[in-house]
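Please read the structure below before turning to the comments.
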């Protein structure tokens, strides 16, 4: 019998953080028809602190990868809260990853792999891998290292 996404998370040793609250006027997740649009999330750790820094300045690719993975966990927490269960995810459709980085830093895709690989490991290769963009930026709210938004195809109730 196939394992559920929640079982895979536990097996991988991950704990979902408390669902992050919106920091401005927006919804964390909007579900329309079969799609869940998850707003940009930052690297919120289970202790409710954020991972801050700039890639190429005070963070290396490994630290950025971890920040993206932590961000993926925050996205999953919001998604689970909105859907009731991660079992409803039919497909990761699209990720947009923003990496706070110096002008010379060009490894944004390697950083956002932290989230992409998490989703692959949680949902499986077929469902957990979707289209993706990884973009460098000079600033993100609160100095966070990464911000990621996502679109999921979800199964109806």
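The values are calculated or read from the model by the stated rules, or taken from the named source; none is laboratory data. Note that the structure is a prediction, hence the values are computed from the model and not measured. All Cβ positions, even for glycine, are placed from backbone atoms using ideal geometry, and neighbour counts span all protein chains on display.
Data for the structure
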quantity: Subset of segment 31-51 (residues that are part of a loop (DSSP other than H, G, I, E, B) and crowded, with 19+ Cβ neighbours inside 10 Å); calculated: 42, 43, 51
quantity: Elements of type strands (runs of 3 or more DSSP E) contained in segment 52-157, each with 3 or more residues being touching a residue at least 40 places away in the same chain (Cβ under 8 Å) and over 15 Å from residue 40 (Cβ atoms); calculated: 89-100
quantity: Test: residue 153 is more than 17 Å from residue 37 (Cα to Cα) and modelled with pLDDT of 95 or more; calculated: no
quantity: Pairs where the first residue, in segment 1-27, is more than 15 Å from residue 87 (Cβ to Cβ) and the second is modelled with pLDDT under 95 and surrounded by 12 or more Cβ atoms within 10 Å (Cβ to Cβ), C-beta under 9 Å, 6+ apart; calculated: 11/3; 15/46; 17/44; 17/45; 17/46; 18/44; 18/46; 20/44
quantity: All positions within segment 79-104 that are over 15 Å from residue 34 (Cα atoms), touching a strand residue (DSSP E or B) at 6+ places or on another chain (Cβ under 9 Å) and surrounded by fewer than 19 Cβ atoms within 10 Å (Cβ to Cβ); calculated: 81, 96, 102, 103
quantity: Residue in segment 19-28 that is nearest to residue 77 (Cα to Cα), counting only those that are out of contact with any strand residue (DSSP E or B) (no Cβ under 6 Å at 6 or more places or on another chain) and surrounded by 12 or more Cβ atoms within 10 Å (Cβ to Cβ); calculated: 19
